[in-house]
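**Student:** What follows is a structure written as structure tokens; I'll ask about it next.
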Amino acid sequence: STNIKEFIEIIQAKAPEFYKVQRVNIYMCDHRREEIYQIVSGGDKPDVLVFYSNQSGIAGKVSNVGKSFIANNVQDYHQFVPEIDDPGETYHPVTGLSKNGTVNILTVPIF
């Protein structure tokens, strides 16, 4: 049987092949606690759960609305929160542009 971590790893490995995206971030939603959370793997270090309010970021919006959302230019969306919607990416403090050129994000709820 596949556990949740294995499921996430499979999706993160296969989704870029189908959707031509740079990376895949998967969040789980706890509506009761009004949080979204992500499993962050640290190589040799133990996995860590990172929690955010489900009112924050595009990921939070999608978790509440339950519908897919595409931001064609992330800088145009006030809901975009780099720490949530594009974790691991580095953004310039003045221009707000990403180091690796992240421009668009597809966010999809999985139920």
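The values are calculated or read from the model by the stated rules, or taken from the named source; none is laboratory data. If you're wondering where the values come from, they're calculated on a predicted model, not measured in any experiment. FYI the Cβ positions are ideal-geometry reconstructions off the backbone, even for glycines, and counts take in every protein chain you see. Surface accessibility is based on the protein's heavy atoms, side chains included, excluding ligands, DNA and RNA. Shrake-Rupley method; radii C 1.70, N 1.55, O 1.52, S 1.80 Å.
**Student:** Would you check the accessible area of Glu35, probe 1.4 Å, heavy atoms only, in square angstrom rounded to 10?
**Tutor:** The value for Glu35 is about 40 Å².
**Student:** Further question on the same structure: Put Asp47, Asp85, Asp30 in order of accessible area, largest first, 1.4 Å probe: what do you get?
**Tutor:** My answer, sorted largest first, is Asp47, Asp30, Asp85.
**Student:** For Gln55 and Gln12, what is the calculated FRET efficiency with R₀ set at 41 Å and r taken between the beta-carbons, to the nearest 0.05?
**Tutor:** E(calc), rounded to 0.05, equals 0.95.
**Student:** Given 0.36 nm per residue, what is the gain on full extension from Asn3 to Lys45 after removing their alpha carbon distance, in nm?
**Tutor:** Between Asn3 and Lys45, full extension yields 13.2 nm more.
**Student:** Using 1/(1 + (r/R0)^6) with R0 = 30 angstrom and r between the beta carbons of His31 and Asn72, what's the FRET efficiency to the nearest 0.05?
**Tutor:** It comes out at approximately 0.60.
**Student:** How big is the accessible area of Asp76 in square angstrom, nearest 10, if you roll a 1.4 angstrom probe over the protein chains?
**Tutor:** Here the accessible area works out near 110 Å².
**Student:** Can I ask one more? Apply the a/c threshold of 1.5 to the C-alpha gyration tensor of region 8-73 and tell me whether it is rounded, prolate or oblate.
**Tutor:** Oblate is the answer for region 8-73, as a/c is 1.5 or above yet b/c matches or exceeds a/b.
**Student:** Still on this structure, please answer the following. What's the ranking of 58-67, 7-16 by average number of surrounding C-beta atoms within 10 Å, highest first?
**Tutor:** 58-67, 7-16
**Student:** If I compute solvent accessible area with a 1.4 Å probe over the protein chains, what percent of it on region 1-74 is carbon and sulfur?
**Tutor:** Here it works out to 52 percent.
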